[in-house]
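Let me begin by presenting the structure, written as structure tokens, before commenting on it.
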Amino acid sequence: MWWRNPSRRTAGALLLAGLPLLLAGCGFRPLYGTGHTYDAVPEFSALAVEQAEDRSTQLLRNHLLDMLTPRGAPEKPAYRLELKVAESVSSVLVTRSDEITRNNLQMTVTYRLIDYRSGVALQSNSLSSLVSYNLVRAEYANLVSERDARARAARDLAEQIRIRLGNFFTQQRKAQVK
């Protein structure tokens, strides 16, 4: 066992102690970390997410609200986020007797970040998420599987949007500092 060898244990401890220095040297910086001047959280809390028109958009919006504005909607938003969601379901696995046993659900979102005062679009992008789910003979189980797949896709898209918005706000602040 490697942990019983004192030299390997020391090498492991040194590696763990030096890991933050290695990450700092490569430019890695946590999005929500403290101790740096580019913190994305204030911009997130000034973001209003538009109301949803359908269930998929509502799921995505709810995940975004949890991730971006966990303390509630801003009183005076500086930014508005528009979402347009589309989804499609396709068969992946079909048996020899033409029975479908697995589906793919692809959810695509086109979002626009808009300056609330001027109405100018600051960023727009299109992202997609592909999730699979099994089909069985029980119809209710299939409905539950599809609902769960839709929720997973919405959560994945919300995370992708959060990361892209965080990068955008960080770059915007860097440009203002220069």
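Points worth noting:
- Restricting segment 41-79 to trypsin sites (Lys or Arg not before Pro) that sit in a DSSP loop and have at most 13 other Cβ atoms within 10 Å of their own Cβ leaves R71.
- Applying both filters, DSSP loop and at most 13 other Cβ atoms within 10 Å, to the chymotrypsin sites (Phe, Trp or Tyr not before Pro) of segment 38-146 eliminates every site.
- When you filter the GluC sites (Glu not before Pro) in segment 63-109 for DSSP loop state and at most 12 other Cβ atoms inside 10 Å of their Cβ, you are left with E75, E99.
- DSSP beta bridge pairing in segment 32-177, given as percent antiparallel to the nearest 5: 90
- Relative to the current alpha-carbon distance between L127 and E99, full extension at 0.36 nm per residue lengthens the span by 7.0 nm.
- For the pair segment 50-103 and segment 106-155, the centres of their Cα atoms are 3 angstrom apart.
- Counted charge near S126, where neighbours are those whose Cβ lies closer than 12 Å (Asp, Glu -1; Lys, Arg +1): +3
Read-outs throughout are calculated quantities, based only on the coordinates presented, and are distinct from any laboratory measurement. As the structure is a computational prediction, the values presented were derived from the model and not from experiment. Heads up, the Cβs are rebuilt from the backbone with ideal geometry, glycines too, and the neighbour counts pull from every protein chain shown.
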